[in-house]
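Here is the structure we will look at, set down as structure tokens.
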Amino acid sequence: MIKHCYMGVDPGPSTGIVLLFIHDDGHWEWMVFQVDYNAVFWLIQELYARFCPRVVVIEKFITTNRAGTTGKDADKTRRIAEHAYQLACAINRVPATAVRLNKAADVKPWASDHRLKKTAFPMGEKFKDARDAARHAMYGACYYGKERDPLA
């Protein structure tokens, strides 16, 4: 039986979205999506409505002087992140869904490939955006949801 649901979102022109289900027996189960801009708004809304995650962690978009942080793709990324954040704040659940914006630099050192492997994350390195979303979901489950660290 599913005890809790967590969600991670890595916004961008190719967006990774992951639901992490933690069962009563401690088993971790993943539902993984990597979608383009045309599908992402609908998918986020549907997943929120259907699963009402306990915690949603969205990768925070940081504007810098580096390539990819300005222009059309950057605007799309910001729109997706804002959409995911605003809708998550409106999820109808008790207690309310915790919504967090985390920098990749804060999440990735902890949410290692080794931790993903330990939880039987089903997607390989080719699915970079989905893997990054999984890192955010895993981080949210352990840090905000107080779930057991998979390496513990």
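What follows draws every value from the coordinates through simple rules; no lab data is involved. All of these numbers come straight from a predicted model, not from anything done at the bench. Cβ atoms come from the backbone with ideal geometry, glycine included; neighbour counts cover every protein chain shown.
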Checklist line | Global geometry of the range 1-59, whether rounded, prolate or oblate, following the gyration tensor of its Cα atoms and the 1.5 cut on a/c | finding: prolate
Checklist line | Percent of beta bridges antiparallel (DSSP, the chain, rounded to nearest 5) | finding: 65
Check: To the nearest 500 deg cm²/dmol, what mean residue ellipticity at 222 nm is calculated for the chain from DSSP H runs of n ≥ 4 alone, each contributing -39,500 (n - 2.57), summed and divided by the residues?
Finding: -11000 deg cm²/dmol
Next item on the list: Using DSSP to define loop residues, name the trypsin sites (Lys or Arg not before Pro) in the range 1-84 whose beta-carbon has at most 14 other beta-carbon atoms within 10 Å.
Entry: 66
Checklist line | Column: log10 I(q)/I(0), Debye, Cα scatterers of the chain, q = 0.11 Å⁻¹ | finding: -0.37
Note to self: Give me a comma-separated list of calculated 3J(HN,Hα) values for the range 105-115, in order, Karplus coefficients 6.51, -1.76, 1.60 applied at θ = phi - 60°, integers in Hz, x for any Gly or Pro.
What the structure shows: 5, 7, 8, 4, x, 7, 7, 6, 4, 4, 5
Check: Dipole magnitude of the chain about its Cα centre, charges +1 at Lys/Arg Cβ and -1 at Asp/Glu Cβ only, in debye to the nearest 20?
Finding: 260
